[in-house]
Amino acid sequence: MTKNELEIAFKKGKLDIDCIDMSLTQMRTDTPIQYKGTGYIHQNEEGMIEFKIYCCNTNTNMTDCLRRDFSKKSGEIFSESDYFQLLAIALDGTTWKAERFLIDASWPTEGKPIIIGRVSELRAEWNTQKPAHSVRIIFFEQANIPCIIDKIEFSTNNCDFTFRKFDNEFVVEAHSGDSLDDYIHIRIQEALRFILAKSVSWRVLERSDGHRSWVELTSPIKRSANTQLCPPITCANHCYIDDSLNLFKLYLDYITQKAPRNRWHACSYHLHNACEASANSIDAWIVGLCVAVEGIVSLIEVERDSEELKNISLLKECILNYIGREEKFNQFKARVKGLLGMLSATSPSDKLNYLMHQGLVARENIVSWKKIRSKHIHPSEMAPRSEAAKDFQLLIDHINGTTTLMYNVIFALIGYRGKFTDYGTRNYPTKEFPLNLIIESSKDLEL
């Protein structure tokens, strides 16, 4: 089966790989359980990747298998030794690998079990004659990718990129003369989720790194349907393509430098939570959005005045010395020390005030965030109200203002300069970032 045939079958949910040799090995144990035999890999009706092995050789038995199953306790998570890894050789000689999944063994006859399992990722690797450094990522879904006539090419992050859009599918390709980052596919997916405000997930990954090439197939991931979070720039905007690509480049560069090696960047995680929460109740949407703003604001670095920090240090020392001399206050010493530690930190409100005075965020959007954050994250006792009594227009206005605030903070993080959609103003006008607002008063906004 060629790669093209493989992709077509996988997209249709009809992947079917007959295997002449399959082996399962238990992970993270000195004496691993093993199963060997023949079988196949296929997709179920939901598109999930599954396998089945007709075992002819194993170092365990039905009694030990049942004993392990019955030893599990309710509420107890699986340990690493509960997971297995798969090595399968297809009829055409391709070797497929998967790891960290659970299995289900049935024993129709003693000593010859049938093993089934479901994997999240399936990978095949081979050597190539022509060295190359490239990645090709396929998404089996529709999205408003910034393209001109379904294709666009550009360069960033030492790579030449190509976006292609098809029916119910889009593809991202990146080519470089140098070795690519091991996790560039994760970074690309993060940057796409940012500019699209959609939890897109790749399903096929083709990668070449020198004389090595490989392909990975993934099972579909559960996510919220009909999310309501709007993108930084609406696709109806005349500047959508150019400025969205600029956002993609800057965000990709930012997270490539800042993110942990094999993990999402914190900003991407907050964006994901805000997006997924928007598909649920309006209360869940508000909580997810407000927490995301607070988390993203925490990434802003604000330099504190050295004299101020010196005075704070002296203040903390004086208070702790006083408490230390008073035996009756000993029980409060640890708690007071923790509270005093907050004096050296820059609070979200301080950072937002800083950004406001730099003309990077608008005062009215901070107010929107403050109002719905206080009410929904730290609610006080209130008389019950009917749904009909709620002022939904006001809630939507505050949600839109908070959304704009979130994006403006991200623009400040990544150094964006250009147009964006202002959801905090009705009719969603296009505005320029930085805002360059004239601050009428030097007084900070109390949050």
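Computed from the coordinates by the stated procedures, all read-outs in this text should not be read as laboratory data. Here the structure is a predicted model, which means the values were calculated and not measured. Cβ coordinates were reconstructed from backbone atoms using ideal geometry, including for glycine residues, and neighbour counts include every protein chain displayed.
In terms of other Cβ atoms within 10 Å, CYS147, CYS56, CYS290 run from fewest to most in the order CYS56, CYS147, CYS290.
For the chain, give me the percentage of DSSP beta bridges that are antiparallel, rounded to the nearest 5 percent. Counting only bridges with both partners in the chain, antiparallel ones make up about 100 percent.
The ratio of the alpha-carbon radius of gyration of the range 125-262 to the globular-protein estimate 2.2 N^0.38 Å is 1.05. Normalising the Debye intensity of the chain to I(0), with uniform scatterers on Cα atoms only, and taking log10 at q = 0.09, 0.13 Å⁻¹ returns -0.79, -1.19. Membrane-span-like helices in the chain (whole DSSP H runs, Cα extent of at least 27 Å along the helix axis, mean Kyte-Doolittle hydropathy of at least -1.0): 306-325, 392-414.
A crude spin-label estimate for the pair ASN158 and GLU99, with each label 7 Å from Cα along the Cβ direction, gives 2.6 nm.
First measure r as the distance between the Cβ atoms of CYS56 and ALA132, then evaluate 1/(1 + (r/R0)^6) with R0 = 30 Å and state the FRET efficiency to the nearest 0.05. List each step's numbers first, then the result.
Details: r = 40 Å, r/R0 = 1.33.
My answer for the efficiency is 0.15.
So if we plug the beta-carbon distance of LYS72 and HIS357 into 1/(1 + (r/R0)^6) with R0 = 60 Å, what FRET efficiency do we get, rounded to 0.05?
FRET efficiency, LYS72 to HIS357: 0.55.
Here is the list for the range 1-57: trypsin sites (Lys or Arg not before Pro) lying in DSSP coil, each with at most 14 other C-beta atoms within 10 angstrom of its C-beta, are LYS12, LYS14, ARG28. Put in order of Cβ neighbour count within 10 Å, fewest first, the listed residues MET342, MET22, MET406 become MET342, MET22, MET406. In the range 137-245, which trypsin sites (Lys or Arg not before Pro) are in a loop and have at most 16 other Cβ atoms within 10 Å, using DSSP for the loop call? Answer in residue order: LYS222, ARG223. Note on GLN34 and ASP64: their simple-model spin labels are 1.3 nm apart, each label 7 Å out from Cα toward Cβ. For LYS333, the lysines whose Cα falls under 21 Å of its own Cα, not counting residues fewer than eight places away in the same chain, are LYS316.
Counting other C-beta atoms within 10 Å, which of MET356, MET1 has the fewest, and how do the rest follow? Mind dumping the intermediate values first?
Working: MET356 20, MET1 15.
Lowest count first: MET1, MET356.
Using a Gaussian network model on the chain with a 10 Å cutoff between Cα atoms, which of GLU276, GLU76, GLU303 fluctuates the most? Most flexible of the set in this elastic network: GLU76. Annotation: lysines with alpha-carbon distance below 26 angstrom to LYS419 (same-chain offsets under eight excluded): LYS151, LYS165, LYS198, LYS249, LYS258, LYS351, LYS370, LYS431. If the chain linking MET1 and ASP391 were pulled fully straight, counting 0.36 nm for each residue of separation and taking away their Cα-Cα distance, it would gain 134.5 nm. Residue separation of ILE116 and ASN273 scaled by 0.36 nm, minus their Cα-Cα distance, works out to 53.2 nm of gained length. Label-to-label distance, GLU141 versus VAL336, with points set 7 angstrom from Cα along the beta-carbon direction: 5.3 nm.
Helix content alone sets the calculated 222 nm mean residue ellipticity of the chain: runs of n ≥ 4 DSSP H residues at -39500 (n - 2.57) each, divided across all residues, give -11000 deg cm²/dmol.
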